[in-house]
1. What pairs come out if I take residues in the range 115-131 that are within 19 Å of N91 (Cβ to Cβ) and pair them with residues that are of a type in the set (D, E) and modelled with pLDDT under 95 whose C-beta lies under 7 Å away, six or more apart or interchain?
2. Among the listed residues I103, I155, I119, I114, identify the single one that is out of contact with any Leu (no Cβ under 6 Å at 6 or more places or on another chain), closer than 16 Å to F24 by Cα, at pLDDT 95 or above and not basic (K, R).
3. Would you check if E99 is buried (at least 20 other Cβ atoms within 10 Å of the Cβ) and acidic (D, E)?
4. Is there a residue in the range 96-111 that is small (G, A, S), outside any loop (DSSP other than H, G, I, E, B) and either touching a residue at least 24 places away in the same chain (Cβ under 8 Å) or in contact with a strand residue (DSSP E or B) (Cβ under 9 Å, 6 or more places away or on another chain) (or both)?
5. Give the residue that is farthest from E99 (Cα to Cα), with candidates limited to residues of the range 55-75 that are in contact with a helix residue (DSSP H, G or I) (Cβ under 7 Å, 6 or more places away or on another chain) and either among the charged types (D, E, K, R) or surrounded by 19 or more Cβ atoms within 10 Å (Cβ to Cβ) (or both).
6. Tally time: how many residues in the range 33-54 are more than 11 Å from the chain's Cα centre (by Cα), farther than 19 Å from E99 by Cα and either among the aromatic types (F, W, Y) or exposed (fewer than 15 other Cβ atoms within 10 Å of the Cβ) (or both)?
7. Residue pairs, Cβ under 6 Å, 6 or more apart or interchain, first in the range 41-61 and over 23 Å from A150 (Cα atoms) and modelled with pLDDT under 90, second in a helix (DSSP H, G or I) and hydrophobic (A, V, I, L, M, F, W, C). List them.
8. Which of the residues that make up the range 1-25 are among the hydroxyl-bearing types (S, T, Y) and at pLDDT below 95?
Amino acid sequence: MVFQQDRIIATEIPTNPEKKKTIFISYCHEDDSHKRWVKKLSKDLSSFFTVNIDENLPAGGDINKFMGSEILKADKVLIIATPKYKEKADNMEKGVGYETSIITEDLISDQNRIKFIPIIRKGSIEESLPIYLKSKKAVFMRESDNYNDALNDLITDLKNY
């Protein structure tokens, strides 16, 4: 800022401030350990991106409306793939099934876009990826994989694509 006679005459304003990409995380509520891991991933990514998960929904909020709008407005959707997630997605069950219907419609509308990123948390590709994600390259973040290396690679990909 430049001051002249006790008043501001000019302000330095960034010409193109970088907007954080918005990330939505889709996952199956399997057990407390899995939910804690998803929260940790969300927190780790939040230094670089605006991250939304269902935990951000206030009490009394409409979960279906939240999931639907967040998937559609997100720049990227991380799908935490596990055998249980695959089962619910392929059988269109509960919240995962609802998200699957929105995701598949969005995938159909723009098949060349990189928006939906599968994260293999448990199991193999065959055991964990829903049918609609079989052709997508997955990031491995299983307990046996190096979390920090995978996280750094994921952050780089999310920033660049």
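1. Between residues of the range 115-131 that are within 19 Å of N91 (Cβ to Cβ) and residues that are of a type in the set (D, E) and modelled with pLDDT under 95, the close pairs are P130/D90; I131/D90.
2. Numbers: I103 fails: at pLDDT 95 or above; I119 fails: out of contact with any Leu (no Cβ under 6 Å at 6 or more places or on another chain); I114 fails: at pLDDT 95 or above.
Testing whether each residue is out of contact with any Leu (no Cβ under 6 Å at 6 or more places or on another chain), closer than 16 Å to F24 by Cα, at pLDDT 95 or above and not basic (K, R) leaves just I155.
3. Values: buried (at least 20 other Cβ atoms within 10 Å of the Cβ): yes; acidic (D, E): yes.
The answer is yes for E99.
4. Our first condition is that a residue be small (G, A, S); within the range 96-111, this holds for 97, 101, 109.
Keeping just the survivors that are outside any loop (DSSP other than H, G, I, E, B) gives 97, 101, 109.
Still in the running and either touching a residue at least 24 places away in the same chain (Cβ under 8 Å) or in contact with a strand residue (DSSP E or B) (Cβ under 9 Å, 6 or more places away or on another chain) (or both): none.
The answer is no; no qualifying residue exists.
5. Applying the first criterion (in contact with a helix residue (DSSP H, G or I) (Cβ under 7 Å, 6 or more places away or on another chain)) to the range 55-75 yields 55, 57, 63-64, 66-68, 71-72.
Remaining after also requiring either among the charged types (D, E, K, R) or surrounded by 19 or more Cβ atoms within 10 Å (Cβ to Cβ) (or both): 55, 67, 71.
Numbers: E55: 16, M67: 7, I71: 8 Å.
Result: E55.
6. 7
7. L57/F66
8. Initially, the range 1-25 is screened for residues among the hydroxyl-bearing types (S, T, Y), giving 11, 15, 22.
Result: T11, T15.
The values are calculated or read from the model by the stated rules, or taken from the named source; none is laboratory data. Not measured: the values here are computed from a predicted model. Glycine gets a Cβ as well: all are built from the backbone with ideal geometry, and neighbour counts include every protein chain shown.
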